Amino acid sequence: MDSPGDPEGPRPPGGDGPPGVTMETSRRLSREQIFVLISTASINLGSMMCYSILGPFFPKEAEKKGASNTVIGMIFGCYALFDFLASLVFGKYLVHIGAKFMFVAGMFVSGAVTVLFGLLDQVPEGPVFIAMCFLLRITDAISFEAAITASSSILAKAFPNNVATVLGSLETFSGLGLVLGPPLGGFLYQSFGYEVPFIFLGCIVLLMVPLNMCILPNYESDKGKHSFWKLIALPKVAFLSFVITSFSSCFGFLDPTLSLFVLEKFNLPAGYVGLVFLGLALSYAISSPLVGLLSDKMPHLRKWLLVFGNLTLAGCYMLLGPSPFLHIKSQLWLLVLILVINGISAGMSLIPIFPEILSCAHENGFEEGLSTLGLVSGLFGAMWSVGAFVGPTLGGFLYEKIGFEWAAALQGLWALTSGLVMGLFYLLEHLRRRRRSELQNILGTEEERTALLSDER
């Protein structure tokens, strides 16, 4: 299958066609690629809407049912813990299970669980309510990870030469889901009560299932010989995994804490709290395709986009409260502005990582195919899940103990550490490659000199 950015492109039968024909054909998306884009866009949009809908009103509802801030953080965090375990399994056995089946089955279960989540207000308060929250979140995590692991692998298989561009473009739908989820959830909650937001979104996801069963192509691939441990043992991949964990922890921290902070600090109703999340999600949705395009057009910039994005992210979390040591008064307009900058830096931090890991794997002998794509997708999901577990769980605990301002500052230190670590790694990598290049030049000169001397004799 020809990718849209393939420089060779399809050639007409009978020899080399005119260059213009080649370029025009290579830029045209095939029917199969269009179907892949529709399918992956649907899971990005649907899953992010279902994921983000909890933010504006669930913490308050859970408090009414007898859950503490720490327990609420754990309800958010357990999703990521089982996401982590599921991504390792699904990434390893993607080829055995089948990418299409994994995608469709994961989407179906995720939609059904979202509907069931809307019935939790009928459950008795206390331990029974908390146990049901954990059960449904765990099931949703496993099904979601099945769909996302398959989605990323199928997408990279369909667009091998434009991975960052396509992933970045589809993050628009993730961002759109994050944009629409909180305000739509807040509006439906205020207008119709707790059940309607979950039932409405769950049914939308379920309606997407038959569409994807019809249009999603079925890719076959040989079983790979490499494992997660060989992949993460590569130093560059290990450091990039740390960055993924750091980034997802920062994002996950906001789930159980930001809505409570805004409600207490600015006395906004639940519907308006959802609009506060809009600044973060909208800026991320707009910036991600641009970062992806830049990342594919100029691959040498990926590393510095990643480093600068993490350092900016650290500054955003210091200013989110703002941190008490800055002596800046907390204002709503400042909070929204910081969330907008946070979304842009998030795109810079996240989009280059997948192609960076993939190129590193190929450079170190991993075969090009669905098995390696499954490993990379699974590793990405696993590392994301570690941070998404730590972020809400630790965030809920710190919010309760030291308040939002100091808790956000501590999250910023994590992003600062990952930015500095990657900057140092890339600097050392550049110096090592430069030294190797100089050594090869010296050896080449010595060989030429030896050859000249032997010719003279």
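The values are calculated or read from the model by the stated rules, or taken from the named source; none is laboratory data. Since we're looking at a predicted model, the values are computed, not measured. Using ideal geometry, Cβ is built from the backbone for each residue, glycine included, and neighbour counts are taken over all protein chains shown. With ligands, DNA and RNA removed, areas are computed over all heavy atoms of the protein, side chains included. Shrake-Rupley method; radii C 1.70, N 1.55, O 1.52, S 1.80 Å.
A compact table of results
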{"item": "Contact order normalised by residue count of the chain, Cα under 8 Å, 6+ apart, percent", "result": "26"}
{"item": "Violating pairs (Cα-Cα greater than 25 angstrom) within the set 64/329; 60/401; 303/329", "result": "64/329; 303/329"}
{"item": "Zero-based 10 Å bins, Cα pair distances in the chain, whole percents", "result": "4, 20, 30, 24, 13, 5, 3, 1, 0, 0"}
{"item": "Prolate/oblate/rounded label for segment 100-222 (Cα gyration tensor, a/c 1.5)", "result": "prolate"}
{"item": "Average accessible area per residue (Å²) across the chain - probe 1.4 Å, nucleic acids and ligands excluded", "result": "44"}
{"item": "Protein accessible area in the chain, 1.4 Å probe - carbon and sulfur %", "result": "67"}
{"item": "Helix-only mean residue ellipticity at 222 nm for the chain, each DSSP H run of n ≥ 4 adding -39500 (n - 2.57), per residue, nearest 500", "result": "-28000 deg cm²/dmol"}
{"item": "4 °C / 1.567 mPa s Stokes-Einstein diffusion coefficient of segment 270-423, Kirkwood radius on C-alpha pairs, µm²/s", "result": "77"}
{"item": "Rounded Å value of the spacing that divides the Cα centres of segment 120-170 and segment 393-419", "result": "25"}
{"item": "Ordering of 285-291, 192-198 by packing [mean C-beta count within 10 Å, highest first]", "result": "285-291, 192-198"}
{"item": "Computed over segment 34-146, Cα set: Rg, Dmax in Å", "result": "15.2, 48"}
{"item": "Over segment 228-280 - Rg/Rh using Cα atoms and the Kirkwood inverse-distance radius", "result": "1.28"}
